Number of protein chains: 2
Amino acid sequence: MVTRGAATQDDVRRHNLARLLRHLHERGATSRSELVAFSGLNRSTVGVLVSELAEINLVFEGAGSAGQVGRPSLMVQPVAESAIVVAFEIRVERTIVALVGLGGAVLLRKEQRHRRNSYTPEAAVRNIVSLTAQVLAKAPDRAAWVGVGVSVPGIVDHTDGRVMLAPNLGWVDAPLGDLVRDALMAEFDVCPSVVVNNDADLGAIAEYARGVGIGARNLIYVSGEVGIGGGIIIDGRVMMGAGGYGGEIGHMVVNPDGVTCRCGARGCWETEIGRDAVVREAGLGGEQVEVEDVIAAAEAGSRRAEEAIQAVGEWLGIGLANLVNLFNPEVIVLGGHLRLLLPRVSAQVARRIHFALPAAREQVRVEVPALRGDSTLLGAAETAFDALLSDPIAVFEDSPHAVAS
Amino acid sequence: MVTRGAATQDDVRRHNLARLLRHLHERGATSRSELVAFSGLNRSTVGVLVSELAEINLVFEGAGSAGQVGRPSLMVQPVAESAIVVAFEIRVERTIVALVGLGGAVLLRKEQRHRRNSYTPEAAVRNIVSLTAQVLAKAPDRAAWVGVGVSVPGIVDHTDGRVMLAPNLGWVDAPLGDLVRDALMAEFDVCPSVVVNNDADLGAIAEYARGVGIGARNLIYVSGEVGIGGGIIIDGRVMMGAGGYGGEIGHMVVNPDGVTCRCGARGCWETEIGRDAVVREAGLGGEQVEVEDVIAAAEAGSRRAEEAIQAVGEWLGIGLANLVNLFNPEVIVLGGHLRLLLPRVSAQVARRIHFALPAAREQVRVEVPALRGDSTLLGAAETAFDALLSDPIAVFEDSPHAVAS
């Protein structure tokens with residue numbers, strides 16, 4: 001939509017439909033009065049817009065509880081079965097897929113393991129096609145398939161879905177977005193919007209919209225897998241930087257005398273708190289060893305495992321204090337294996353964050369994800385809904401071909 | 001201006017006047033055709049708006065060179081003498097004042113030294129009043145005094161000008177904005193808008209608008225005085241964080257085994273590259289010793305001074321690599337004493353930045369300020385013009401009392 005200056009009536013109508021639908025998608029059942037208050041539109045305009053969304057079956061009105069005393073009021077609710085997306089989280093050793101309905105309901109979720117170090121972009125695309133077929137076969141009748149979202153642990157040009165670098169997958173300059181689009185089109189003859197994003201950015205987006213970040217404007221999601229990534233939301237917007245490479249918090253040097261990182265620098269935060277560091281320090285090398293195993297060993301009395309966890313806790317706290325001083329966020333969310341470690345190292349983390357400047361540290365909460373292990377996956381679903389939520393009419397009326405089953 | 005939904009015709013006119021005036025203020029002489037292209041408005045609307053600005057004497061049209069071959073075209077130009085601001089930069093050991101005209105012309109500039117550790121907010125306010133009287137006495141006839149901007153090396157609530165903490169001045173929770181407003185009102189019976197901001201944020205704003213950041217969207221200004229501050233512009237907006245405390249890059253821990261910082265942590269970037277660190281490492285202690293003296297000593301053959309400079313260069317590079325990985329900016333500007341050091345340590349800086357991730361480091365330039373030592377001062381002037389540039393009609397027609405001489 002290219003408009004400069006005055007918008008047409010139709011632009012305004014589409015914009016308002018999009019605002020209402022996004023609110024319903026993110027917040028769930030909402031009374032008409034709340035929609036009036038939220039949107040600043042008058043009651044009759046809201047009525048017309050809700051009817052229009054109901055006509056194409058994206059929302060329905062029914063009795064719901066607004067948490068108030070008295071008779072239940074009529075609530076506008078998103079129809080989970082009306083529009084669906086397929087979300088993928090590509091990790092170093094597994095791919096996770098989810099079928100997610102409007103409103104964020106996870107209708108189906110499954111995981112598939114693959115071998116580390118041999119998962120090429122082409123293999124990933126084959127998996128994506130096959131998993132898409134599997135989950136679409138279970139999709140609700142008449143659901144419109146409106147998007148595909150893919151999470152990659154790497155640096156992604158989110159405008160076209162090109163993976164510039166995913167070091168722990170060994171991918172360099174892979175046009176994943178185009179490969180997925182072409183393959184889905186070849187398989188299904190239709191293909192809705194396909195978006196590819198960095199895993200930590202997606203974790204941040206999901207926790208901001210639906211998790212521990214609700215109500216905050218500034219949030220950092222620290223993804224802990226083999227590498228350490230950062231998704232940074234500043235005043236409600238994902239920080240991209242000049243070329244989309246911002247947020248590489250794993251390569252913040254915190255220990256110049258430390259271990260040499262894959263990136264060539266010494267003492268990157270990732271070399272001190274990444275998954276491999278935990279396993280290495282605990283003396284439990286091997287591809288199949290997980291942080292869960294280190295925690296189990298510590299709980300079984302292994303002193304070395306316990307010391308490894310505590311050492312990681314110190315470095316975790318030092319890096320978090322840096323993030324507090326640099327970004328002054330309301331919330332820092334620790335994902336991946338850091339989510340599992342936090343309860344065991346909260347004392348060290350608190351002690352180290354206490355070295356951050358008082359004003360900033362008093363405003364920050366360090367949290368585990370409300371969406372547990374699925375922040376990134378659900379973030380991919382959120383971005384897959386973006387096309388629909390930006391202009392529901394365009395997706396529904398102009399692209400009837402994007403409807404599955 | 002509280003409007004929700006449709007704007008009135010008058011809102012639109014004021015908004016467009018503000019856009020044109022800001023463009024002329026930041027870019028200088030501009031042809032009508034360029035204003036048409038920049039604004040997206042049609043030629044006749046631009047004509048009406050330019051006439052309106054010319055009527056209140058903020059701009060004039062005259063022959064100018066657009067850098068093209070052929071006859072000189074008519075250029076719209078800001079009138080420097082029509083509207084003026086008074087800008088202050090409060091440093092640890094001196095206060096700098098400038099009288100700045102519309103378009104950014106510095107009409108007058110002077111410095112006044114004060115004793116470190118005994119400069120209270122009240123003493124600063126007395127100085128501000130007295131310096132304001134001195135520079136306004138030299139202001140052009142009929143110039144409208146439209147703002148006062150103050151830079152403070154500390155954490156500022158920019159909404160009301162309260163200085164939360166300025167550690168190197170020893171200020172805690174000082175309502176500087178209110179104190180300045182009250183004192184100016186008592187002295188002059190009138191007082192235009194008064195804005196107080198963090199020094200590094202102002203350096204960033206000035207270099208972004210008028211310096212090495214022109215054309216960039218992401219810029220970091222590193223202020224080097226006694227402390228190290230950061231002004232961070234992300235996608236065109238100053239990063240504030242939850243409470244305005246973001247950008248405290250001086251307290252990023254880079255050397256956990258290093259010197260204890262005033263903040264209580266060890267190895268903050270500030271303890272490795274701050275002005276006191278340079279002087280200390282060079283073995284030239286004392287309040288009056290400046291980084292210039294260390295450089296002079298190195299040039300005179302002092303090995304210790306040279307080694308101090310080189311050591312600072314290494315730490316400077318380590319921290320800059322972190323900023324590149326975290327923020328992926330197009331430009332990092334080194335202000336204060338770092339501006340003086342950069343030419344002598346550019347090799348170390350380049351070598352350390354080479355450890356940043358390739359994609360991000362290839363996009364960054366590390367620069368000295370185009371505005372030399374006055375980025376912060378001129379940033380204060382920019383923010384002082386904000387009220388005028390946001391709504392010239394309101395300031396000029398509704399507040400005729402804010403006119404000096």
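Residue-level check: of (1) crowded, with 24+ Cβ neighbours inside 10 Å; (2) over 22 Å from A:Trp269 (Cβ atoms); (3) within 14 Å of another protein chain (Cβ to nearest Cβ), B:Phe327 misses just (2). Counting only residues that are over 17 Å from A:Leu342 (Cα atoms) and at pLDDT below 95, region A:215-226 holds 1 of them. Those residues that are closer than 20 Å to A:Arg142 by Cβ, of a type outside the set (Gly, Ala, Ser) and crowded, with 17+ Cβ neighbours inside 10 Å, I need them from region A:97-107; list them, please. A:Leu99, A:Val100, A:Leu102 - these are the residues of region A:97-107 that are closer than 20 Å to A:Arg142 by Cβ, of a type outside the set (Gly, Ala, Ser) and crowded, with 17+ Cβ neighbours inside 10 Å. The sole residue among B:Val190, B:Val194 that is closer than 17 Å to B:Val100 by Cα and not assigned by TED's automatic domain parsing to the domain that holds B:Asn328 is B:Val194.
Tallying residues that are in a helix (DSSP H, G or I) and of a type in the set (A, V, I, L, M, F, W, C) within region A:352-386 yields 8.
Yes/no matrix, rows are residues, columns are (1) aliphatic (A, V, I, L, M); (2) crowded, with 24+ Cβ neighbours inside 10 Å:
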residue	(1), (2)
B:Ile232	yes, yes
B:Ala242	yes, no
B:Gly250	no, yes
B:Cys263	no, no
B:Glu270	no, yes
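Would region B:360-378 turn up any residue that is modelled with pLDDT of 95 or more, of a type in the set (Val, Ile, Thr) and more than 21 Å from the chain's Cα centre (by Cα)? No: region B:360-378 contains no residue that is modelled with pLDDT of 95 or more, of a type in the set (Val, Ile, Thr) and more than 21 Å from the chain's Cα centre (by Cα). Suppose we filter region A:80-96 for residues that are surrounded by fewer than 19 Cβ atoms within 10 Å (Cβ to Cβ) and within 24 Å of A:Leu17 (Cβ to Cβ); how many remain? Counting residues in region A:80-96 that are surrounded by fewer than 19 Cβ atoms within 10 Å (Cβ to Cβ) and within 24 Å of A:Leu17 (Cβ to Cβ) gives 2. Could we say that B:Ser375 is hydroxyl-bearing (Ser, Thr, Tyr) and surrounded by 20 or more Cβ atoms within 10 Å (Cβ to Cβ) here? Considered against the rule, which asks whether it is hydroxyl-bearing (Ser, Thr, Tyr) and surrounded by 20 or more Cβ atoms within 10 Å (Cβ to Cβ), B:Ser375 comes out as yes. Restricted to region A:116-164, and to residues there that are out of contact with any Phe, Trp or Tyr (no Cβ under 7 Å at 6 or more places or on another chain) and within 16 Å of A:Glu225 (Cβ to Cβ), the residue that is surrounded by the fewest Cβ atoms within 10 Å (Cβ to Cβ) is A:Asn117.
On inspection, B:Glu281 qualifies as in contact (Cβ under 8 Å) with a residue 12 or more places away in the chain and more than 14 Å from chain A (Cβ to nearest Cβ).
For every residue, the table says whether it meets (1) in the same structural domain as B:Ser193 (by TED's automatic domain parsing); (2) more than 28 Å from B:His23 (Cα to Cα); (3) among the hydrophobic types (A, V, I, L, M, F, W, C).
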position: B:Arg113; (1), (2), (3): yes, yes, no
position: B:Ala139; (1), (2), (3): yes, no, yes
position: B:Val148; (1), (2), (3): yes, no, yes
position: B:Gly154; (1), (2), (3): yes, yes, no
position: B:Val163; (1), (2), (3): yes, yes, yes
position: B:Pro175; (1), (2), (3): yes, yes, no
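Scanning region B:191-249 for residues that are within 12 Å of chain A (Cβ to nearest Cβ), assigned to a loop (DSSP other than H, G, I, E, B) and within 23 Å of B:Cys263 (Cα to Cα) yields B:Gly227, B:Met239, B:Met240, B:Gly241, B:Ala242, B:Gly243, B:Gly244, B:Tyr245, B:Gly246, B:Gly247, B:Glu248. When B:Leu316, B:Leu334, B:Leu357 are checked against the criterion of being in contact (Cβ under 8 Å) with a residue 12 or more places away in the chain and under 30 Å from B:Gly104 (Cα atoms), a single residue qualifies: B:Leu334. Within region A:195-230, track down each residue that is hydrophobic (A, V, I, L, M, F, W, C) and either in contact with an Asp or Glu (Cβ under 8 Å, 6 or more places away or on another chain) or surrounded by fewer than 24 Cβ atoms within 10 Å (Cβ to Cβ) (or both). Answer for region A:195-230, where residues must be hydrophobic (A, V, I, L, M, F, W, C) and either in contact with an Asp or Glu (Cβ under 8 Å, 6 or more places away or on another chain) or surrounded by fewer than 24 Cβ atoms within 10 Å (Cβ to Cβ) (or both): A:Val195, A:Leu202, A:Ile205, A:Ala206, A:Ala209, A:Val212, A:Ile214, A:Ala216, A:Leu219, A:Val226, A:Ile228. Just a yes or no: is a residue in region B:254-263 within 14 Å of another protein chain (Cβ to nearest Cβ), out of contact with any Gly (no Cβ under 8 Å at 6 or more places or on another chain) and not polar (S, T, N, Q)? Yes. Counted as qualifying within region A:92-184 are the strands (runs of 3 or more DSSP E) with 1 or more residues that are touching a residue at least 60 places away in the same chain (Cβ under 8 Å) and away from every other protein chain (no Cβ under 14 Å), namely A:94-101, A:105-113, A:144-152.
The values are calculated or read from the model by the stated rules, or taken from the named source; none is laboratory data. Note that the structure is predicted; figures quoted are calculated from it, not measured. Neighbour counts run over all protein chains shown; Cβ positions are idealised from the backbone, glycine included.
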